[in-house]
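So the structure is just underneath, and the comments pick up after that.
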Amino acid sequence: MSDPETIATYDARATAYAEHFSNTAPDADLQAFIDALPDGGDVLDLGCGPAHSAAMMQRAGLCVTAWDASAEMVALARRLHGIEAEQKTFDALEYQQTFDGVWANFSLLHAPRQDFRRHLKAIHAALKNGGLLHLGLKTGTGSKRDTLGRLYTFFTPTELTDHLHSTGFTPIASRQGREVGLAGTEDPFIILRATR
């Protein structure tokens, strides 16, 4: 994520975001991700926000690297959970076969459409053979800003599956639903899991 207005929104609303998504135990999606990884596996939380998920993965015994583009989110990750998150954008992802899993939960939806496949390729390269990607995105078409100023890029489920296949992934599971986000709107989403 490199859109200045989106990053500024997260900086300004980091505490509100942390309170809105304040799970203290893994939900079904995070638990499935944790259960699919080897004990002590290496994970990248790409767009970690306040690091609630990173903290739960760490408590489950995983070795977690956590990134977020928002300085305030990184500060919250450290203050709330002791997670040494780093302030980095998706463009910094240059690892080679390093991680057993990448948790990209509602983060890549802020990437410009023209960069999406490039980021998926970088995630693919960063995963070990057989590594697991968790991808959460809002579904739809086009791009737009929400009422808070965050830029979103929307994809249909078919588009996402095609992008995963074309970047070397094998989709293994998906589910769709609706959820009320920080902006107060109820939006459709999809959760996908795919292997390298």
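Each reported figure results from applying straightforward, stated rules to the coordinates on display, with no laboratory input. None of these values were measured; they are calculated from a predicted model. Quick reminder, even Gly has a Cβ in these numbers, built from the backbone with ideal geometry, and neighbours come from all protein chains shown.
Worth a mention:
- Going by neighbour counts of Cβ atoms within 10 Å, the residues SER107, SER143 line up, fewest first, as SER143, SER107.
- Backbone HN-Hα couplings from phi across the range 130-140 [Karplus 6.51/-1.76/1.60, Hz, Gly and Pro as x]: x, x, 10, 10, 9, 10, x, 9, 7, 9, x
- Within a Gaussian network of the chain (alpha carbon springs, distance under 10 Å), most fluctuating of ALA77, ALA16, ALA126: ALA16
- Within a Gaussian network of the chain (alpha carbon springs, distance under 10 Å), most fluctuating of GLN114, GLN87, GLN97: GLN114
- The stretch between PHE21 and GLN114, if pulled fully straight at 0.36 nm per residue, gains 30.6 nm over its current Cα-Cα span.
- FRET efficiency estimate (nearest 0.05) - Cβ-Cβ, ALA125 to THR158, R0 35 angstrom: 0.90
- Here's the picture: charge each Lys and Arg Cβ at +1 and each Asp and Glu Cβ at -1 in the chain, and of TRP103, PRO157, HIS124 the one pushed furthest to the positive end of that dipole is PRO157.
- Taking θ as phi - 60° and the Karplus parameters 6.51, -1.76 and 1.60, the scalar couplings of the range 34-44 work out to 4, 5, 7, 9, x, 4, x, x, 8, 10, 10 Hz in sequence order, x denoting glycine and proline.
- Column: log10 I(q)/I(0), Debye, Cα scatterers of the chain, q = 0.07, 0.15, 0.17 Å⁻¹: -0.17, -0.87, -1.17
- Simple Cβ-charge dipole of the chain, Lys/Arg +1 and Asp/Glu -1, about Cα centre, in debye nearest 20: 300
- Other residues with beta-carbon under 11 Å from the beta-carbon of THR185 carry, at +1 per Lys or Arg and -1 per Asp or Glu, a net charge of -2.
- Of the residues SER174, SER70, the one with the fewest other Cβ atoms within 10 Å heads the list, and the complete ranking is SER174, SER70.
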